[in-house]
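For reference, the structure discussed in these notes is given below.
The values are calculated or read from the model by the stated rules, or taken from the named source; none is laboratory data. Note that the coordinates shown come from a computational prediction; the quantities given were computed from them, not determined experimentally. Positions of Cβ are generated from backbone atoms using ideal geometry, with glycine treated the same way; all protein chains shown enter the neighbour counts.
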Amino acid sequence: MSAHSQILLTSSEGTEFIIDRDIADKSMLLKCMLEDIGEIGQAVPLPNVSGPILTKVIEYCTHHRDDPNFLSANDDVAADIDEWDLEYCKVDQGTLYELILAANYLDIKPLMDLTCKTVANMIKAKSPEEIRKTFNITNDFTPDEEDQDWVDEH
Amino acid sequence: MELQPAHIQALDLPEIMDLIGHYLSKGTLLNCIQVNRSWHDYFVPILWKSFVFSAYSSQPRPPVEAFLKYAHHIRQLEFGGLNSPWYMSIGCKNLDFLKVVGERYVLEDSGEDPLTNLVQENPSLQRLILFDVQPHPEEAFWDAVAGLTEMKSLIVNRTEIPPHSTQAFFRAISTYTPTLCLDRVYFKPIRLGMEEDEKEDEGEEGAQDQAEGVEQQYGSSEETAQTEGGGAQSHEDTASNTNNNDTDNAYDCETETSFFYASEVPPEVTFSRLKTLYMFDLAGTGYDKQPWILEHAPRLEHLSWRGGYDFEFPTESFTSALESGQLSRLESLEVRGSHLKDSEIAQILSRMNRLVKLVAPRTELGPLAMKQLFQHYETVRELNISGCENVRSWMIQMFLCKFVALEVFMADMLSLQDITTDPWACLKLRKLSLDFELGYVDKEEGVVGEESDDDEDENWANVDAGEEGDNETTEVDVEAEVADVGEEEGETTPKEDELTRVDEAIAYLERIVVETAIAEGEKANEQEEALPGVTATAEGVAITTDTTGDVVAVTQLSEDTTAEGEEGETEEAEALFTPEEIAAAMVPAQWDQQQMEADAAAAEAEENPDDLWKNLVPYVYSEERQRVIFERLSQLKYLEELNIKQQTERPYSAAEQLRAGVVQKVLDLSLDNGMGLLAVLSRLREFYFPGPQEMEEREVLWIIEHWGGRLTHMTGELNRRRRVNKRLLKLLSDHHINAAMCMQ
């Protein structure tokens, strides 16, 4: 198969997307699937990924198409996020979580690392109450549990 | 804000929460476990995932009760220094990583070793690091390690293996682990001719005395070379490579007839799973264990070797293992601290099926090895040939033009004159360490000689012709080049008689080259059909000829190669390059010939120091010429680390220049000079540059604008004026770029 052969993907709403094979190969799920069944000319259904999110995912994979460090890009925990990736992740929380789920489903590790790192940056330097407000989480500890000396215990 | 389904799902998946937690500090994790019950359950295991018990840390530790409660969450455990042995018994049973550094306690009453117990209780250990562990682990420990079926990596550093533990040790390092590092592992020898009791007592004595006795015995008796087992090999080498820490002379005259031997490697030991091997400084009786390991590691893919004083790479056994196919999967080789010869490296590379990485700094790597390297030009991703004095500038140019997969390249110096019109193919480079030689200027006056427009046009005819799409190569007028100098105020004009002396030196060299080529070429033709060949000459040069017999490349051979030629050995007349490559190398070959001529002229001029200046490659002041370098670098858009600082004082263009009171002209990093072209290097994290530069605020602001997103380190002299330099450093620091000034 040539690098320029194309793959047809279908989102959860039925929207079709045509992408180059080398871009599709950034997803381990698609890569393995296509290696197993070959290019049969039919669309690959992605029922867990909506059209707008699939568009964003394709955008990410296209940008990193020629990146030789694609798989090892985010191994360094302390490394700052690339400027383009930083802009890419400037989306609302809902979109960010959907990107996490899509990256998880499609098995695109660098995108998983990027989106989770973005969420981690939202948590950093925040107190428990601030974290609750950021993610709209309800505190379900009992009063006794709340009185526990967490710092001393850990 | 309403909770969205995606939000709930994403932060409910354990693998996602685990990944998020991976990026959080302990302090943040402590806050996370207080958010709600779900987050507590997700992040407590991550909070307790790794723990370090350091005897040198003043940080408070959690209470004992907490350890007992959460120890089962600990996956990664590290001990540094003398910690209470209790901490090794807190109930960790799910470790996948264990590191032990330095001293530890052994329970003297019961004789139990808490470390051995810990390993036995954690069969799922995957990575184990032992660094100078005292007292040294005993046989039971190594038996426990041999039972770790999940092992992925074992590092043993500065450890002594007593004779009775040797077999258990070899079982431990060979059975399961695919990655093994042996760094200064010392195998205590056994002295023969002793009673068993005496052997045990001997084992308790200091290693220094033992090893010194080994040296004495091996040096005095060749009969020791006949002993059996793994210790029988290379006894003379072992004698000369004995652990250099030994200083005491403890030779016992009463045991004059007794001798030492090193414990053998058990014959059933094979390293069938070993893929990555690090062998560092295995002096003494460890040295002769190397052949066994190399010959019994059929899956070995990566070898990293580091020598020490008087301790050379086991070339013979390594080449033998390659030849017999025992190392057929090897594709990555690092050899540091070795004086491997060009022919040895060539021999090794010729027997490797595939090469992905070669790190061979400060070896004698040269044309012969380069020829073999070019067989792997499509696969080599990492190449470190820094400090290799036989690597010429034009060779570096060819690496850059040919090696398409290169991601890391470290070499010494590329001369601007050797950057031909051939495009660089190494567009995936992430790390580049290379100095660019532009030429030399007089320290006092700024410039050597003067330049005429005609001379400059002639001098750069090749480059201009290439830029205009003309693919024909033209002969470079060496005489014009020698007379060609930069044009600036205060230049001095070369005297005609001095030019004449240079011409005479060049003509002399040319005669030698041609005459020798004719003589040796005839000899080579008898052996092969008219193929381009390399022939060693008694003058210490290797000459490559094209199909018509014309000289196309002249390379300075190392002394060893020259000596071999003098002894009458005939070099194999094989093609270095294809005819097309030879044609393409015509221009760089001419420069190399110029290097030879300059070397010869410099040697002659050494008697007349005033004439040294004429050996210099003059600095041709031209923004266009420097722009060539910027243009080439701008193609490397994946660069993360760029080091163009001067690596070596040895110039490529002429010899002995630095003694003439001149300095190398450094690349001028200014926006007017083309530095703006480097804006595409948006991934740059580290930048090391030569100096002193003449940067001003606008250059630094440009750096901040285009590189500030990722750049973390810069080293070099931004401006020769201290006050300006200080101001610019502060400007960078304010933008979180760690800049250091390095005075040249």
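Points to keep in mind about this one:
- The set of residues from segment B:30-50 being of a type in the set (Lys, Arg) and either facing chain A (nearest Cβ under 8 Å) or touching a residue at least 60 places away in the same chain (Cβ under 8 Å) (or both) comprises just one member, B:ARG37.
- B:THR379 passes every criterion in (1) surrounded by fewer than 17 Cβ atoms within 10 Å (Cβ to Cβ); (2) over 13 Å from the mean Cα position of the chain (by Cα); (3) under 18 Å from B:TYR287 (Cα atoms) apart from (3).
- Segment A:112-151, subset under 30 Å from A:CYS61 (Cα atoms) and of a type in the set (A, V, I, L, M), residue nearest to the other protein chains (Cβ to nearest Cβ): A:ALA120
- Scanning segment B:36-69 for residues that are charged (D, E, K, R) and over 20 Å from B:HIS22 (Cβ atoms) yields a count of 4.
- Residue within segment A:103-111 that is among the small types (Gly, Ala, Ser), touching a Phe, Trp or Tyr at 6+ places or on another chain (Cβ under 9 Å), more than 8 Å from chain B (Cβ to nearest Cβ) and assigned to a helix (DSSP H, G or I) present: yes
- If the condition is being buried (at least 16 other Cβ atoms within 10 Å of the Cβ) and in contact (Cβ under 8 Å) with a residue 40 or more places away in the chain, then segment A:23-36 contributes A:ILE23, A:LYS26, A:SER27, A:LEU30.
- Residue in segment B:15-29 that is surrounded by 14 or more Cβ atoms within 10 Å (Cβ to Cβ), facing chain A (nearest Cβ under 8 Å) and of a type in the set (Ser, Thr, Tyr) present: yes
- Filtered residue count, segment B:160-188, keeping only those that are over 18 Å from B:ALA144 (Cα atoms) and part of a loop (DSSP other than H, G, I, E, B): 1
- Test: residue in segment A:76-84 that is assigned to a helix (DSSP H, G or I) and modelled with pLDDT under 95: yes
- Only one of the numbered conditions (1) modelled with pLDDT under 90; (2) on the phi < 0 side of the Ramachandran plot is not met by B:GLU656, and that is (2).
- Scanning segment B:684-713 for residues that are within 14 Å of chain A (Cβ to nearest Cβ) and under 14 Å from B:LEU633 (Cβ atoms) returns B:LEU684, B:HIS706, B:TRP707.
- Positions within segment B:299-332 being in a helix (DSSP H, G or I) and among the aliphatic types (A, V, I, L, M), in sequence order: B:ALA321, B:LEU322
- Among (1) assigned to a helix (DSSP H, G or I); (2) over 24 Å from B:LEU427 (Cβ atoms), the one test that B:ALA679 misses: (2)
- Conditions (1) among the aliphatic types (A, V, I, L, M); (2) away from chain A (no Cβ under 14 Å); (3) within 28 Å of the chain's Cα centre (by Cα); number of the one not met by B:LEU681: (2)
- Qualifying residue in segment B:389-403 (condition: surrounded by fewer than 19 Cβ atoms within 10 Å (Cβ to Cβ), within 14 Å of chain A (Cβ to nearest Cβ) and not charged (D, E, K, R)): no
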